[in-house]
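Here is the structure we will look at.
The values are calculated or read from the model by the stated rules, or taken from the named source; none is laboratory data. The structure displayed is predicted, hence computed values, not measured ones. For neighbour counting, all protein chains shown are included, and Cβ atoms are generated from backbone atoms with ideal geometry for every residue, glycine included. Ligands, DNA and RNA are stripped out before the accessible areas are found, and what is left, the full protein with its side chains, is counted by its heavy atoms. Shrake-Rupley method; radii C 1.70, N 1.55, O 1.52, S 1.80 Å.
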Amino acid sequence: MDRLMHLALIMDGNGRWAQMRSLPRTAGHSEGAKAAVKVTLAASRRGIRYLTLFCFSTENWKRPKMEIDSIMGLFSEEFDTMLSEIMKEDIKVVHLGRRDRLPYPLLSKLDKAAEMTKDNKGMTLQLAIDYGGEDEIERCVRRAIQAGNKEISYNTLLSYVDNPAIPSPDYICRSSGEKRLSGFLLLQSSYAEIGFYDKLWPDWNESMIDAIIEDFNKRNRRFGGI
Ligand code: FPP
């Protein structure tokens, strides 16, 4: 059994978590951000090499402006508090997704974090913010054409994803019991194992990483073989 190298998480259920407590949705996102920190540190400490977090999709711009502003503000704040932990853990941070629509303060923090952590040797934390798999595929095709490729194979496209040095995910998991991928890592997920967990995202902590590693280790990956 191959080790779990790249774990990718769809963090879902913040809104429902808040609703169940008669709190505003933004309270669910705040708790969700705390869960993201716990899960990130646990993944790093358990030896996972790449962790991708689906933080904000290309479709999430459809939400009310107040909620979007609150989420973007939360990413910025959480970044400030997380950065010292990230350095201590030797984690390398990279952004995945579109850059052109992100608020400038967040974009500059992401760039600064990427620069500051670029030589770190521990886990790579890939933050998908304004990310959509369909959108990424379109960008791959554009880049491949611009680079003068005449024949475009699947592997050609893979070499033009936003972060080509990051291997495809081994295990994609979604919280909150919803059973779909919502375009997450659309091009890179062809042979990923998939897992759906009922727990709402704000209730996630270190123990979920242990459960995920245990579940992954029971999978029998054949990649089309027998
Ligand atoms: C999904 O819940 C969550 C989001 C759309 C984005 C917000 C994510 C976080 C705040 C956690 C990540 C934080 C950091 C710092 C990396 P939902 O609102 O879709 O929930 P619902 O389906 O119950 O409405």
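Please identify the pairs in which a residue from segment 185-207 that is of a type in the set (Val, Ile, Thr) has its Cβ atom under 9 Å from the Cβ atom of a residue that is part of a loop (DSSP other than H, G, I, E, B), counting only partners at least 6 apart or on another chain.
Ile194/Lys179; Ile194/Leu181
Kindly establish whether Tyr154 is farther than 21 Å from Ala42 by Cβ, among the hydroxyl-bearing types (Ser, Thr, Tyr) and open to solvent by less than 60 Å² (accessible area, probe 1.4 Å). Quick ask: steps written out before the conclusion?
Numbers: farther than 21 Å from Ala42 by Cβ: yes; among the hydroxyl-bearing types (Ser, Thr, Tyr): yes; open to solvent by less than 60 Å² (accessible area, probe 1.4 Å): no.
It is false that Tyr154 is farther than 21 Å from Ala42 by Cβ, among the hydroxyl-bearing types (Ser, Thr, Tyr) and open to solvent by less than 60 Å² (accessible area, probe 1.4 Å).
When segment 53-69 is examined, which residues are found to be more than 9 Å from the ligand (Cβ to nearest atom) and in contact with a Ser or Thr (Cβ under 9 Å, 6 or more places away or on another chain)?
Looking only at segment 53-69, we keep the residues that are more than 9 Å from the ligand (Cβ to nearest atom), and these are 58-59, 61-62, 64-66, 68-69.
Once the filter is applied, which keeps residues that are more than 9 Å from the ligand (Cβ to nearest atom) and in contact with a Ser or Thr (Cβ under 9 Å, 6 or more places away or on another chain), segment 53-69 yields Glu59, Met66.
Among the candidates Ile209, Ile194, which residue alone is closer than 16 Å to Arg3 by Cα, under 16 Å from the mean Cα position of the chain (by Cα), within 16 Å of the ligand (Cβ to nearest atom) and not in a loop (DSSP other than H, G, I, E, B)?
On inspection, the qualifying residue turns out to be Ile209.
Consider Glu136 carefully, then state whether it is part of a helix (DSSP H, G or I) and either crowded, with 16+ Cβ neighbours inside 10 Å or touching a strand residue (DSSP E or B) at 6+ places or on another chain (Cβ under 9 Å) (or both).
yes
Quickly run through segment 1-13 and pick out the residues that are more than 8 Å from the ligand (Cβ to nearest atom), in contact (Cβ under 8 Å) with a residue 60 or more places away in the chain and open to solvent by 20 Å² or more (accessible area, probe 1.4 Å).
Met1, Asp2, Met5
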